[in-house]
Amino acid sequence: MKTVNDVRDAATSIRENVQKVIVGKDDSINLALVALLCKGHVLLEDVPGTGKTTMAKALAQSLGCDFHRIQCTPDLMPSDVLGVNFYNQKLGEFEFREGPVFSQIILTDEINRATPRTQSSLLEAMQERQATIDGVTMKLAEPFMVMATQNPVEMEGTFPLPEAQLDRFMVRVVIGYPTPEEEGAIYKRFERDTVLPSLAAVTNSEDLAELQNVPPSVRMDDTVRKYIVDLITSTRDNPGLSLGASPRAGLALYKTSQAWAALEGRDYVTPDDVKLLARSVLPHRLILSSTARLRGNSADQIVGDVLDTVSVPIER
């Protein structure tokens, strides 16, 4: 049986392997691993050129799972994602050709360039781990994770993701620009290479399945559990929000806090774990009020204000 120490060691190996391609970004990689341990999905969001696609591809290669990439464009159809039944003239019968959704790790590149109809074709797969095509429901492989990259919605040719779709992503990871030292290291590392190198896998799907059983066993004290409830309920009363965090958001914060503790090699959750994960789990699920938007506020700022105002439990 795997333990939190096994989770910490596996995370270290995966992170070091990814960093053969990605310079730095420990927190971003850790957040992706947290979502993987919780059987969740990751939304990588930032401007073009910050390494979103590179990070997702490097992580998929490191996991040793079946991997497929979907390049989203406005003419992408749901059948391009799910698969299609076609008539085989040689056999004289219909056959089903699987789409990329039947892979274990899916990189959905620039998801907000696909139309809403195509975006919604992933909803059932992300939530229920199954796909329905022509009335037939089929189970998806395990482990299953969608890693979607997204450009800022203000950019030309994008379709904002609906709230129901955003709520399916367990964490949102903002890559951010590298530091001057990291950027210099990037130039030096890839001055001769035009194509990023392939990475060898450092784990496999069987080990991942066992590691995913560890976070639910991480202890959550009643005071920390109440702290999560207080954070979630305070967003529903916040005047800057027209829609606060849902119970699904609270459960995601609960599970990711357990996974982060396991990633650190601990078998218990601290309030600091909750505060850290709240900034990646909650903002993309909230809807700002019209007044807050006019004032130039963001969901990230409001979550920060909530974290500052809700009292943190202190061990007596």
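The values are calculated or read from the model by the stated rules, or taken from the named source; none is laboratory data. Worth saying up front: this structure is predicted, and the values here are computed from it rather than measured. Here the Cβ is made from the backbone with ideal geometry for all residues, glycine too, and neighbour counts use every protein chain on show.
Quick notes on this one:
- Inspection of segment 281-293 finds no residue satisfying the criterion of being within 22 Å of L44 (Cβ to Cβ), among the polar types (S, T, N, Q) and outside the structural domain of V174 (by TED's automatic domain parsing).
- Only one entry of R168, R129, R172 meets the criterion of being under 24 Å from S103 (Cα atoms), in contact with a Phe, Trp or Tyr (Cβ under 6 Å, 6 or more places away or on another chain) and charged (D, E, K, R), and that entry is R129.
- Of T256, T203, T235, all but one fail to be surrounded by 15 or more Cβ atoms within 10 Å (Cβ to Cβ), assigned by TED's automatic domain parsing to the domain that holds M170 and among the polar types (S, T, N, Q); the exception is T203.
Conditions tested, residue by residue: (1) free of Cβ contacts under 8 Å to residues at least 60 places away in the same chain; (2) surrounded by fewer than 14 Cβ atoms within 10 Å (Cβ to Cβ); (3) among the acidic types (D, E); (4) out of contact with any Phe, Trp or Tyr (no Cβ under 7 Å at 6 or more places or on another chain).
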| residue | (1), (2), (3), (4) |
| --- | --- |
| T223 | no, yes, no, yes |
| G240 | no, no, no, yes |
| G244 | yes, no, no, yes |
| P247 | yes, yes, no, yes |
| W260 | no, no, no, yes |
| D272 | yes, yes, yes, yes |
| S289 | yes, no, no, yes |
| G296 | yes, yes, no, yes |
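- Residue within segment 107-119 that is under 23 Å from E206 (Cβ atoms), touching a Leu at 6+ places or on another chain (Cβ under 7 Å) and modelled with pLDDT of 85 or more present: no
- Within segment 50-68, the set of residues being buried (at least 20 other Cβ atoms within 10 Å of the Cβ) and either in contact with a Lys or Arg (Cβ under 9 Å, 6 or more places away or on another chain) or within 18 Å of N112 (Cα to Cα) (or both) comprises G51, K52, M55, A56, K57, A58, A60, S62.
- Scanning segment 160-195 for residues that are more than 30 Å from R129 (Cα to Cα), touching a helix residue (DSSP H, G or I) at 6+ places or on another chain (Cβ under 9 Å) and surrounded by 13 or more Cβ atoms within 10 Å (Cβ to Cβ) gives G176, P178.
- Helices (runs of 4 or more DSSP H) (entirely within segment 221-295) containing at least 3 residues that are among the aliphatic types (A, V, I, L, M): 222-236, 247-263, 271-281
- Criterion (modelled with pLDDT of 90 or more, within 22 Å of the chain's Cα centre (by Cα) and either not charged (D, E, K, R) or not assigned by TED's automatic domain parsing to the domain that holds A11 (or both)) met by exactly one of A245, A209, A278: A278
- Among the numbered conditions (1) modelled with pLDDT of 85 or more; (2) in a helix (DSSP H, G or I); (3) among the aliphatic types (A, V, I, L, M); (4) within 15 Å of M145 (Cβ to Cβ), the only one that A60 does not meet is (1).
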